[in-house]
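Scroll down for the structure; my scribbles are underneath it.
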């Protein structure tokens, strides 16, 4: 709890400082509306990151390092321990062939593209299929964050969250599912 | 020598420390970032070697791959460092700004709080409380100011207690003089009457003088009794028991016993009402009326008027007596001040005390050889 409060304070200070004293834009990453649907007796939660990879990400993707985008899914059913799962979207650039390899962990799909716009679309889309306990009312929240990476052998870590102005995009929604939908 | 920096010196030193530190920190931060950026750009030289390569052998391809990876890494690093520099410098500047504001507020508070304390202490002194003592702490100038203030308040306290003692002594002396005089006055006729009775005890004249002497003794004992009553009344601390009544009817009742001997004319508003202690009202009116009778020539009219004006009831008691001089007018409400032959100067002092207790006002308008008007103002009671 203390850590969460501290991270909120830090994020607040950074946002205020940037607003008052810096011309750096970064990316105002956010989730689009969370949609739920039933597919093969599973509940599929769909959403998409918007304005997340517009500025400065191209050079980071092209660094040749594997760039992971993490997603934490929390599903809370009243009176029960929340269900939590973390998955990631990974991007790896091949400098010789000039294409990006993309791996979407939640669907276990791999793809390749040489177009940055396609890449942005591929890594932004979230389609999480939930097969655990279900209820008529479920509170679903998805949070996304970026890791720290090393871009050379100096051992220095670069926090990619900086490109999101240290703000973790989050979406929370109460999903109501009718019994006959199962 | 005990050195304590002054306000200005403290502010200047703090300001310099804070801003020099800020500049050094910011400068060091940017120098560090510039060095990292410089190191990163060294790798860009590979780009030129890359253009000279042909990708026919596996070694060339590996080299090209390495060069491209390094180049792209460098570009990414440079971007990240630039971003870091922009973000962190903004954050550092923001924190420094907040810190400097915070420090300024603390310094400001340190300077203004003792001034506020001094202001409050001065207000206490103004109210007559000389016992106020300020803690002698804070920065040099403030500490010195507090020390001066404390010595001033101590001095004032000493002077006040000396003055109080002197005043008390003077009051007691004056009071003893008046009391001795007032007691001596009836004692002399009593003593003379008793001596006369003793002298004539076995003579024929005894029967003749006895009733007269007894009457004198009784009269003077009554006077002594009245004197004691006057002192007791003045010293009594009575809380007013307010009730609502018509002042016109009340004054009408008060003046009834006087009407067979004196010309008293009552006029004005007959329907108004006041909230006043009726006993205090009686004492105030009789005291002023008695004074008016005492100073008025026989057969002269004494006027009592009652007016209602702007939510107030004004009772005016006017005589055509000798009037009061401007100098004496200031003293008439002081205890033991009297210009009458038979008076101890407690009547009007008691009037003033009762007026205050009943939250009313009293004014006196007087002209020598023409007369005096006592004006009592009290709040009108609206039901």
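The values are calculated or read from the model by the stated rules, or taken from the named source; none is laboratory data. Computed from a prediction, not measured in an experiment: that's the story for all the values here. All Cβ positions, even for glycine, are placed from backbone atoms using ideal geometry, and neighbour counts span all protein chains on display.
Give B:107, B:142 a once-over and let me know the one that is in contact (Cβ under 8 Å) with a residue 60 or more places away in the chain, surrounded by 11 or more Cβ atoms within 10 Å (Cβ to Cβ) and under 30 Å from residue A:19 (Cα atoms). Don't jump to the end; show me each part of the working.
On the way: B:142 fails: under 30 Å from residue A:19 (Cα atoms).
Residue meeting the stated conditions: B:107.
Quickly run through segment A:151-161 and pick out the residues that are farther than 22 Å from residue A:125 by Cβ and at the interface with another protein chain (Cβ under 9 Å from one of its Cβ atoms). Can you show your working first?
Residues of segment A:151-161 that are farther than 22 Å from residue A:125 by Cβ, as a first pass: A:151-159.
Selection gives A:151, A:152, A:154, A:156, A:158, A:159.
Pairs, please: C-beta under 7 Å, at least 6 apart or cross-chain, first residue without any contact (Cβ under 8 Å) to a residue 24 or more places away in the chain and not assigned by TED's automatic domain parsing to the domain that holds residue B:349 and in segment B:222-238, second in a helix (DSSP H, G or I) and surrounded by 11 or more Cβ atoms within 10 Å (Cβ to Cβ)?
none
Scan segment A:162-176 and give yes if some residue there is within 14 Å of chain B (Cβ to nearest Cβ), touching a helix residue (DSSP H, G or I) at 6+ places or on another chain (Cβ under 6 Å), in a helix (DSSP H, G or I) and within 18 Å of residue A:62 (Cβ to Cβ), otherwise no.
Yes - at least one qualifying residue is present in segment A:162-176.
Taking the options A:111, A:90, A:59, A:101, name whichever one is without any contact (Cβ under 8 Å) to a residue 40 or more places away in the chain and within 14 Å of chain B (Cβ to nearest Cβ).
Details: A:111 fails: within 14 Å of chain B (Cβ to nearest Cβ); A:90 fails: within 14 Å of chain B (Cβ to nearest Cβ); A:101 fails: within 14 Å of chain B (Cβ to nearest Cβ).
Answer to the check: A:59.
Of the conditions (1) closer than 16 Å to residue B:377 by Cβ; (2) at pLDDT below 90; (3) surrounded by 12 or more Cβ atoms within 10 Å (Cβ to Cβ), residue B:291 satisfies every one except a single condition; which number is it?
If we test residue B:291 against (1) closer than 16 Å to residue B:377 by Cβ; (2) at pLDDT below 90; (3) surrounded by 12 or more Cβ atoms within 10 Å (Cβ to Cβ), just (1) comes out false.
Please go through segment B:84-98 and give me each residue that is facing chain A (nearest Cβ under 7 Å), within 53 Å of the chain's Cα centre (by Cα) and in contact (Cβ under 8 Å) with a residue 40 or more places away in the chain, ordered by number.
Taking segment B:84-98 and keeping what is facing chain A (nearest Cβ under 7 Å), we get B:84, B:86-87, B:90-91, B:93-94.
Subsequent filtering for residues that are within 53 Å of the chain's Cα centre (by Cα) retains B:90-91, B:93-94.
Hit for segment B:84-98 is B:93, nothing else.
What's the number of the condition residue A:151 fails, among (1) under 26 Å from residue B:71 (Cβ atoms); (2) buried (at least 18 other Cβ atoms within 10 Å of the Cβ); (3) modelled with pLDDT of 90 or more?
Result: residue A:151 passes all but (3).
Exactly one condition in (1) over 27 Å from residue B:212 (Cα atoms); (2) part of a helix (DSSP H, G or I) is not met by residue B:138; state its number.
Failing condition for residue B:138: (2).
Go through (1) surrounded by 13 or more Cβ atoms within 10 Å (Cβ to Cβ); (2) within 14 Å of another protein chain (Cβ to nearest Cβ); (3) over 18 Å from the mean Cα position of the chain (by Cα); (4) not in a helix (DSSP H, G or I) for residue A:15 and report which single condition fails.
Here residue A:15 clears every test but (4).
Quick check on segment B:242-253. Is at least one of its residues at pLDDT 85 or above, surrounded by 14 or more Cβ atoms within 10 Å (Cβ to Cβ) and in a loop (DSSP other than H, G, I, E, B)? Before the answer, list the steps.
Kept after step one, since they are at pLDDT 85 or above, are these residues of segment B:242-253: B:242-253.
Now drop any that are not surrounded by 14 or more Cβ atoms within 10 Å (Cβ to Cβ), which leaves B:242, B:245-248, B:250-252.
Pick out the ones that are also in a loop (DSSP other than H, G, I, E, B) and you get B:242, B:246.
Yes, segment B:242-253 contains at least one residue that is at pLDDT 85 or above, surrounded by 14 or more Cβ atoms within 10 Å (Cβ to Cβ) and in a loop (DSSP other than H, G, I, E, B).
Which of the residues belonging to segment A:18-43 are surrounded by fewer than 16 Cβ atoms within 10 Å (Cβ to Cβ) and in contact (Cβ under 8 Å) with a residue 12 or more places away in the chain? Even if it seems obvious, please write down each step before you answer.
If we filter segment A:18-43 for residues that are surrounded by fewer than 16 Cβ atoms within 10 Å (Cβ to Cβ), which is where we start, we get A:19-20, A:23, A:25, A:28, A:32-33, A:35, A:37-42.
A:25, A:28, A:32, A:33, A:35, A:38, A:39, A:41, A:42 - these are the residues of segment A:18-43 that are surrounded by fewer than 16 Cβ atoms within 10 Å (Cβ to Cβ) and in contact (Cβ under 8 Å) with a residue 12 or more places away in the chain.
Scan segment A:38-48 and tell me whether some residue there is in contact with a strand residue (DSSP E or B) (Cβ under 7 Å, 6 or more places away or on another chain) and assigned to a loop (DSSP other than H, G, I, E, B).
no
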